Structure formats: structure tokens, C-alpha cells
Amino acid sequence: MRTDWRSSATATLLMLSMLGASSSIGHAQSDTIVVSADGEAGTVTRLSDAVARVPRYGVVRVRAGIYREPTVIVRQPLTLVGDSGAVLDGEGQRELLVVGADSVTVRGLTFRNTGTSQATDRAALRFVEAAGCLVEYNRFENTLFGIYLQRASACLVRRNVLQGMAGSQTVTGNGLHSWSSRDVVFEDNVIDGHRDGIYFEFTVGGVARRNISRHSRRYGLHFMFSDSCRYENNTFLANESGVAVMYAKYVSMIGNRFERNRGSAAYGVLLKEISDSELRGNVFVENSIGLHLEGANRNRIADNDFVRNGWGVRIMADAQENVLRGNLFSGNVFDVGTNSRLNFSTFTGNWWDRYRGYDLDRDGRGDVAHRPVRLFALLVEQSPAALVLVRSLLVDVLDVAERVVPTLTPETLRDEAPLMRAPRTVR
């Protein structure tokens, strides 16, 4: 049954607002334990001692300093707050903080140096079967996995900065990772240099908004087997392979920017085996491939901008019943690519900078159809090495010939009502 992401997200934020109120007011002095690496009077020196002693729903305040101790385990509701300069350092050997309780807030700490591991998904901060968590204003430096939600629910992760480890994707982990969780919200985070910036797997009702995910070794966003999720107003910049959304349904991707995701297999967005979803109001700029559809069915792709990409859209023959409407195509090497002369999706009412038709009845739509697949694009599909000729006179001649006597480009892949004017300024 389809989950309504709006009600889920509203419930999440309501719960967390109540949690924030309870964790910030109403604490007697005895409900607060202060941790100080310098051992000042009235404090404890170890974070693990503080979280073991603090009353339920109490506060642990961590003074500035570097704390090196075995992995800290939280087993009850509490608020953990770091002063500026409070650093948990794993010395390259361990996870730093594992939370196994509901209603836990982690705020204002720096997590550093988990080290790498080929055997486990070692995380700086892990939540296990926890509900109602709030993670905000933290920094993560040189960590394998940053924040890991494992069978968590109704958690809000916001305004954190995460910097991954140096190295290839085989020795790095993910920034924000949600596994087998539901109704989690990632917002206003900056994730840099991880394997995947954001990873949703077996997650229902997840929301990611206003995040910046850049320089990922693999995907800015990696998304598998997660239904009824929503991604809005995020920026995915200069990632190795862009964004992959796979094996899901009822997904909304609205108002995102996909920019300079380049490489031999780089996409702004890859949609694979995804159905009944929506991409609206996104901007695809200077990607190797803006949007790639493979086994993607019954999706609505509307009001997006495809600007200066290698391919604006690549749509495979097994992608069916998708509707592309109101999109803008400008300055792409190839506006549309495909691997077949057959097409089972619909292009209508898009704007193409290569359209050379006319509008005698002045209704704003061309009177003749536009065929967006260039003959040379089909040749490149069969022989990728031919791409080196893309700026040659021969290619221009092929384009003119195919426009005058269309014989090889897909008869079924055309826009029957192309727009005569761009529907908006290029974003």
C-alpha cells in the first residue's frame, strides 16, 4: 500500500519538535552531567561514564577537548551536547558512538577518525532500532560511514557537515546511510568525498531535502528498494556517477540540481526498474548523461531543464509508458538517445533548441513534429568510438539529410507538439 509521505514527514517533525522542547528546558541541575578532558571540578573525564550515570532524559554536556575512549554506547533517552571544540576521536580503530535507545539528541560534536574496515560498515554515529532521534550541528571528519540509521524510525538529521576519507570507493563508506528504516528526514546537510553521499536502502517514507552532496566516489545519492520517498531541492555536484534510483515506486524528485556529474558511466540521474514516480522542476547541467531510463515505467517527467549535457535523456527500449512534458532541452550534444527504433514513452510539449518547425496557427506549438534523436546518436550507440567525430562536418551533413528525409531515426520517438518558445529562462 502506498505511504503518504506528507503525513509521515509531518508526524516525524511533530515528534521531534516535542523531543527538542523536552530536551532543552525543564532540566534541573542534577539532570546534567558535564564531561571535561581537563578534569575540572564537578565533571567527569570520560563520556562513557557520563552517559551511564545521567538520568533518563537528562543532558550530557561535553566541554572542548579531544576524547579518545572505547566506543560509547547509549542505552537510554538523553541529550548529548558538545561545546565548540568537543571532539570524539576513534584513532583510526573504531566506531565512536552507538545509540540503542529512543528519543536521543546528538548536537554540536565533532566525530573524527573511525579508520577503514573491509569487514564491517564502521560508522562514526550509529542508531540501532531507535525512534525519535535528532542529530544536528555536528561535524564528521575522516570517517568511513558518517551517520548510520539501522532499523530506525522518525529520525531527523539536519545541518551536519560530513567529510569522507581519502581513497577510492572500495575503501570509503557513505555519508548519510539509512537501512531498513522509515520516516527519516535528512535536511540541510553538506556531504563531501564519501563513497555515496546519501544512501537509502529498504527505507520507506524517507525525505532528503536541501542537502549538498558533492565529490562522491560513486553516487551523490544511491537509492534501492525504497518506496514512497521524496527528494527535493538538493544539489548533487561533481560526483563520480551522479545519482542512482533503483528498484522502487512512488518516488518524487522535485527541484533538485544535478551538475557536472561526469565520467564514462556518469549520470545526473539513473532510473532503473522504478515505476509510478515523478521528476519535476529539476535542473540537469553539464552531466555526461542528464537522465537515463532503463526498465523505468509509468513515470512523469515534467518541467525539467536539460542544459549542456552529453546526452540530455537516454531512454532505453524497455522503458515504457513514461510521459515527458514541458521540459527544456538546450545546448546538449544529444538531446535524446536510445538503443532501439521503437519507443513506448511519450514526448509532448517540450522545448527543443534544435527545433526548426513553424507555427502557422499561432497556438505556441509547432505544426510539425520534432524528432529529437540524431542519426549520429544512433551510430554512436552502435560504435561509441565514433563520438570523436561529433564536431565534424560529416555529422552536420548527416543531421541535415535525416531532417529532410527521416528514414533511420525512431519513427515513434518524436514530440508531436513541440513548444515554439522556451517555457522559462534556463536555470
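The values are calculated or read from the model by the stated rules, or taken from the named source; none is laboratory data. Note that the structure is a prediction, hence the values are computed from the model and not measured. Here the Cβ is made from the backbone with ideal geometry for all residues, glycine too, and neighbour counts use every protein chain on show. SASA here: full protein model, heavy atoms, side chains in, ligands and nucleic acids out. Shrake-Rupley method; radii C 1.70, N 1.55, O 1.52, S 1.80 Å.
Just a few scattered comments:
- Cβ separations smaller than 8 Å between residues 6+ apart or across chains give the following pairs from region 357-373 residues that are of a type in the set (V, I, T) to residues that are part of a loop (DSSP other than H, G, I, E, B) and open to solvent by less than 30 Å² (accessible area, probe 1.4 Å): V368/G357; V373/T338; V373/T409; V373/P410; V373/L413.
- Residue within region 278-290 that is at pLDDT below 95 and not β-branched (V, I, T) present: yes
- Residue match in region 60-71 (condition: modelled with pLDDT of 95 or more, open to solvent by less than 80 Å² (accessible area, probe 1.4 Å), in contact with a helix residue (DSSP H, G or I) (Cβ under 9 Å, 6 or more places away or on another chain) and farther than 19 Å from A124 by Cα): no
- Any strands (runs of 3 or more DSSP E) falling wholly within region 288-346 and containing at least 2 residues that are farther than 22 Å from A265 by Cβ and open to solvent by 40 Å² or more (accessible area, probe 1.4 Å): 320-325
- In region 181-194, of all residues being open to solvent by 10 Å² or more (accessible area, probe 1.4 Å) and not basic (K, R), the one that is nearest to Q118 (Cα to Cα) corresponds to D192.
- Yes/no for A166 being at pLDDT 95 or above and among the small types (G, A, S): no
- Among the residues of region 84-106, those identified as closer than 16 Å to V62 by Cα and assigned to a strand (DSSP E or B) are A86, V87, L88, D89, L97, V104, T105, V106.
Matching residues to (1) over 17 Å from F258 (Cβ atoms); (2) modelled with pLDDT under 95; (3) among the hydroxyl-bearing types (S, T, Y); (4) surrounded by fewer than 24 Cβ atoms within 10 Å (Cβ to Cβ):
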| residue | (1), (2), (3), (4) |
| --- | --- |
| W179 | yes, no, no, yes |
| D196 | no, no, no, no |
| G206 | yes, no, no, no |
| I212 | no, no, no, yes |
| M224 | yes, no, no, yes |
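- Residue within region 115-127 that is assigned to a strand (DSSP E or B) and among the β-branched types (V, I, T) present: no
- Annotation note: Cβ proximity below 6 Å between a residue of region 33-59 that is closer than 16 Å to S103 by Cα and a residue that is part of a helix (DSSP H, G or I) (sequence gap 6+ or interchain) occurs for P55/D31; G58/D31.
- So G85, is it at pLDDT 95 or above, open to solvent by less than 20 Å² (accessible area, probe 1.4 Å), in contact with a strand residue (DSSP E or B) (Cβ under 9 Å, 6 or more places away or on another chain) and not polar (S, T, N, Q): no
- The conditions of being touching a Phe, Trp or Tyr at 6+ places or on another chain (Cβ under 7 Å) and within 13 Å of I33 (Cβ to Cβ) are met by L47.
- Beta carbons closer than 6 Å, at least 6 apart along the sequence or on distinct chains, pair a first residue in region 193-213 that is over 12 Å from A244 (Cβ atoms) and of a type in the set (S, T, Y) with a second that is assigned to a strand (DSSP E or B) and modelled with pLDDT of 95 or more for T203/S178; S213/I191; S213/G197; S213/I198; S213/G220; S213/F236.
- Residues located in region 249-269, provided they are assigned to a strand (DSSP E or B) and either in contact with a Cys (Cβ under 6 Å, 6 or more places away or on another chain) or open to solvent by less than 10 Å² (accessible area, probe 1.4 Å) (or both): M253, F258, G268, V269
- Residues of region 106-160 that turn out to be under 24 Å from R210 (Cβ atoms) and among the hydroxyl-bearing types (S, T, Y), as a count: 5
- Filter pass, E286 being on the phi > 0 side of the Ramachandran plot and in contact (Cβ under 8 Å) with a residue 12 or more places away in the chain: yes
- Residue in region 93-150 that is surrounded by the most Cβ atoms within 10 Å (Cβ to Cβ), counting only those that are aromatic (F, W, Y) and within 14 Å of V184 (Cβ to Cβ): F127
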